[in-house]
Amino acid sequence: MATSDTTATKLPLKEIPGSYGLPFFGPMSDRHDYFYHQGRDKFFADRIQKYKSTVIRTNMPPGPFISSNPKVIALLDGISFQILFDNSKVDKRDVLDGTFMPSTSFTGGYRVCAFQDTTEPSHALLKTFYLNLLASKHASFIPLFRNNLSEHFADLEDKLAARSSKADFNASVGSASFNFLFRLLTGQDPSATKIGSDGPTLVTTWLAAQLAPLATLGLPRIFNYVEDFLIRTIPLPAWTVKSSYKKLFEGFASAGSSVLDEAERLGIKRDEACHNLVFMLGFNAQGGLVNQFPILLKWVGLGGESLHRQLAEEIRSVVKEENGVSLRALDRMTLTKSVVYEVMRIEPAVPFQYAKAREDLVVESHDAAYMIKKGEMIFGYQPFATKDPKIFERAEEFVAHRFVGPDGEKLLNHVLWSNGRETEEPTPDNKQCPAKNLVVLLCRLYLVEFFLRYDTFTFDFKPVVLGPRVTIKSLVKSSY
């Protein structure tokens, strides 16, 4: 909750605690704590405990010398966090990646829609284009994704049958995701373009060059400062991944001609539309899904055979009653829906949100109010917002049935993965993910297709740069 009137709040108005430290040395110290000494969650948890507040001042990576100003006000609870969705109070111009912005050379010289604020005229035009495009493809969502998943599951089974007896889930689902997205948007297979079968690798290479300052490879401690110097002293130039991006751009430009024709009819330059669509496909969609699906499988796997049995029973009975997989059938699967929302709550695929205050404003946490000055950078750490123990019981636990029933559905207002509340919808005038409903649908559909084929599975996982890397060890086929 936020207001620009200090008299409107009934909570005590407090100074925001915390420290930025000395110039250069403070940001460097915080950066090393964040990546190497404490790790992400402990970095924030220790500061909450130290300052007895969930609204604090700190520095965020990458810091010197890539970011000119690493100072942020961190919102670390489920109440204060939601100011980031009030576009009348906050400005999201050029803050997608936080306190720095990669060069527009990565995107053909354009500031794509994701970096634009809602007050910029081109934002509404581009967002309308995205929403209309997705709406026009609505009938293809289920059959196209099911076809791609058939290829994916066959790939997993082939790898399990090979000598290694294990399957790299991330690589397999990454290919399935890219093929689905490209086919959905263009109507063509990427293998028929310059992209060939390299789509996921091209996207990963292009993304890595942009996001390297925000990541750590988890190398042995002796290499920490070498890594820090190499990827956080100067940004990687766009020319290092020029060939990868060129293939993506030219592949989409040739296959998506009808989509680009529609963009021109809306008044968007063809070249600009293509760069925006490549960004949406590569950064927003593929970049999100290759993280989301491993997170989904990780938490369902940790739920154990009991949860697998419950999901399989619900999915198979509803599919039998509905004579197939349809939107109506998916909507009836209350446990399956709840599991997807719980995964998105406990481990959101995109953990950070940034914005700048448009004006002086007061933000409220559970027990205090704080003044934020116009122009100050606001940072929200979503895992702490969606695991707020004052909102969710057993907040640190994965509770599969959490969102079942009327009381559970009320909690959807606090599921925030899409840069907005789950109870709200993306529009041209907000920054909520235009594919919000599609992502939820794909996660449900993944579970449906999985448990129509398999009773249970075993797996290993380990944290990597983004999300978990999942290795499938066994799949127990269904007799259904």
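The values are calculated or read from the model by the stated rules, or taken from the named source; none is laboratory data. All values derive from a computational prediction rather than experimental measurement. Here Cβ is always computed from backbone atoms with ideal geometry, including for glycine, and neighbour counts include all displayed protein chains. Just so you know, the surface numbers come from the protein's heavy atoms only, side chains and all, with ligands and any DNA or RNA stripped out. Shrake-Rupley method; radii C 1.70, N 1.55, O 1.52, S 1.80 Å.
Worth a mention:
- Residue check for Q310: of a type outside the set (A, V, I, L, M, F, W, C), within 21 Å of Q116 (Cα to Cα), crowded, with 17+ Cβ neighbours inside 10 Å and in contact with a helix residue (DSSP H, G or I) (Cβ under 8 Å, 6 or more places away or on another chain): no
This table checks each residue for (1) assigned to a loop (DSSP other than H, G, I, E, B); (2) over 18 Å from A369 (Cα atoms).
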| site | (1), (2) |
| --- | --- |
| I16 | yes, no |
| P23 | yes, yes |
| D30 | no, yes |
| Y34 | no, yes |
| F43 | no, yes |
| P61 | yes, yes |
| I66 | yes, yes |
| N69 | yes, yes |
| G78 | yes, no |
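- Residues that are polar (S, T, N, Q) and without any contact (Cβ under 8 Å) to a residue 40 or more places away in the chain are absent from the range 210-218.
- Unique residue being part of a helix (DSSP H, G or I), at pLDDT 95 or above, within 19 Å of E313 (Cβ to Cβ) and not small (G, A, S) when the list is V448, V439: V448
- Of the criteria (1) touching a helix residue (DSSP H, G or I) at 6+ places or on another chain (Cβ under 7 Å); (2) open to solvent by less than 30 Å² (accessible area, probe 1.4 Å); (3) closer than 18 Å to F178 by Cβ; (4) not acidic (D, E), which one F283 fails: (2)
- Candidates are the residues of the range 220-265 that are of a type in the set (K, R) and in contact with a Lys or Arg (Cβ under 9 Å, 6 or more places away or on another chain); the one that is nearest to F24 (Cα to Cα) is R232.
- Residue in the range 200-218 that is within 19 Å of the chain's Cα centre (by Cα) and among the aromatic types (F, W, Y) present: yes
- Of all residues in the range 462-480 being assigned to a strand (DSSP E or B) and within 18 Å of H308 (Cα to Cα), the one that is nearest to the chain's Cα centre (by Cα): V470
- Flag for R402 being part of a helix (DSSP H, G or I), of a type in the set (K, R) and either within 30 Å of K137 (Cα to Cα) or in contact (Cβ under 8 Å) with a residue 12 or more places away in the chain (or both): no
- Flag if R221 is open to solvent by 70 Å² or more (accessible area, probe 1.4 Å), in contact (Cβ under 8 Å) with a residue 60 or more places away in the chain and either closer than 27 Å to M60 by Cβ or among the aliphatic types (A, V, I, L, M) (or both): yes
- Cβ-Cβ under 8 Å pairs, at least 6 apart or on other chains, the range 84-103 side part of a helix (DSSP H, G or I), far side small (G, A, S): L84/A355; L84/G380; F85/G420
- Flag if T104 is polar (S, T, N, Q), more than 20 Å from R232 (Cβ to Cβ), within 23 Å of the chain's Cα centre (by Cα) and surrounded by fewer than 17 Cβ atoms within 10 Å (Cβ to Cβ): yes
- Among residues of the range 108-125 being farther than 16 Å from A285 by Cα and of a type in the set (A, V, I, L, M), the one that is farthest from the chain's Cα centre (by Cα) is L125.
- Where T119 falls short, out of the listed (1) surrounded by 19 or more Cβ atoms within 10 Å (Cβ to Cβ); (2) under 21 Å from L277 (Cα atoms): (1)
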